[in-house]
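This report refers to the structure that appears directly beneath it.
FYI, it's all coordinate maths here, none of it is from the lab. Because the structure is predicted, anything quoted here is derived from the model rather than measured. No Cβ is skipped: glycine too gets one built from the backbone with ideal geometry, and neighbour counts run over all protein chains shown.
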Ligand code: PMP
């Protein structure tokens, strides 16, 4: 293992948390650097999910018996916690499977009534496929056009250019808060103000921001916000769509079934108010409980402390990797927890395979962002992303692994 430069240690140390012991899924000596794909889980979250099944389990919103009534209270308490966590109201929180489903919900429910032939939807080059494909599908269905805002040379969304591209025909701007490839952070309040001034709605893909920064829907000023529980230290299969109350209440249901209705006859259905109108079927009860536990855990640690921890590790990672000959870093200096890189012209899969042999887990591939890969002139990158449990040792292990990659490939 390479010794860390002392100066880097001194910069990083005061802001670092020591939480590795809370993650039973991360054994000592394994550098898990793929939180941007999915976060490892703190014991508190694992225990809460186990308790939900082993002690408290029952359905919600239906049962008259006490266990079900208590579980319903817990379920709705989780909705309250999510709302507090993002500075919103509980009736604006829709539980979905994840960010992908949240965006599809907006595209399929809000989309057809609000975006028509000749209208425009504005995205950016760095979007994840889940913030491209639902809009392409909607555009094809209604005859709308997709516009794509460029990036700056650094790898930020070019906000000047994006704002200039919002026309009166633009019904929606849909962009990532934090890029899952470059870690670049968009200035959402600025973009929201510009969208509002031109009558366009703003959807923010907050999948990579929700685990990394303090969120306040009022301050952001957007209209829709989507994120996944599993990147926020919670379980898979649960996520959140936040939508401004007046917009959400006016949106038609997108899936039909139990729990989302008021009255059903064969001739006519009346629907429940939002958010239940958008939650057809038995929900992911234990997932919602697990998400609540994850939010409690994050709040206990403190989101600002997590943000500072990740910023210190990211700065260290940029310094360490940037000092290795032949390593090319992508994205801006001030990237949030995520760093894509290339090692000469060695294929990222080979880089990740050799790193795996040294006990370092990074992602290699197109990261569900093929248009961005084309923009960068590559087919894939290697990507390291940091999380609450990581330490400077993990970064040192990554740097040492990359030296091994260089030795193997000469
Ligand atoms: N958007 C971004 C920026 C992401 O990083 C991801 C997950 N990689 C998604 C959307 C989709 O999230 P999920 O697969 O949890 O629905």
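Can you give the relative contact order of the chain as a percent, counting alpha carbon pairs under 8 Å and 6+ residues apart?
24
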**OP:** May I ask you to order 289-295, 396-402, 268-274 by the average number of other C-beta atoms within 10 Å around their residues, highest value first?
**Re:** 289-295, 396-402, 268-274
Original post:
Most fluctuating residue of 100, 59, 38 in a GNM of the chain with Cα springs under 10 Å: which is it?
Top reply: 59
**OP:** Take each of the peptides 326-335, 349-358, 312-321, 49-58, average the number of other beta-carbon atoms within 10 Å over its residues, and list them starting from the highest.
**Re:** 312-321, 326-335, 349-358, 49-58
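Express in nm, to one decimal, how much length is gained between residue 187 and residue 51 on full extension, taking 0.36 nm for each residue of separation and deducting their alpha carbon distance.
Separation in residues times 0.36 nm, less the Cα-Cα distance, equals 45.0 nm.
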Subject >> With Cα atoms, 0 to 90° folded angle of helix 188-197 axis to the chain main axis >> reply: 40
**OP:** Would you mind telling me the antiparallel percentage of the DSSP bridges in the chain, rounded to 5?
**Re:** 55
Original post:
Could you give the distance between the Cα centres of segment 362-410 and segment 192-267, to the whole Å?
Top reply: 31
Original post:
Volume per residue, Å³, of the convex hull around the alpha-carbon atoms of the chain?
Top reply: 139
Subject >> Helix 348-357 axis, angle to the chain major axis (alpha carbon atoms, nearest 10°) >> reply: 70
Subject >> Euclidean distance between Cα centres, segment 122-183 to segment 25-64, Å >> reply: 33
Subject >> Inter-label distance for residue 350 and residue 90, nm, one decimal - labels placed 7 Å from Cα along Cα-to-Cβ >> reply: 5.7
Subject >> 0 to 90° range, to nearest 10: angle between helix 392-408 axis and the chain longest Cα axis >> reply: 60
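Given the Cα-Cα distance of residue 65 and residue 409 and 0.36 nm per residue of separation, how much length would full extension add, in nm?
My answer for the length gained is 117.3 nm.
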Original post:
Packing-wise, with mean Cβ within 10 Å as the measure, how do 163-174, 377-388 rank, highest first?
Top reply: 377-388, 163-174
Subject >> At R0 = 30 Å, FRET efficiency that the Cβ-Cβ distance of residue 219 and residue 152 yields, to 0.05 >> reply: 0.80
Subject >> Computed over segment 77-194: relative contact order in percent, which uses C-alpha pairs under 8 Å that are six or more apart >> reply: 24
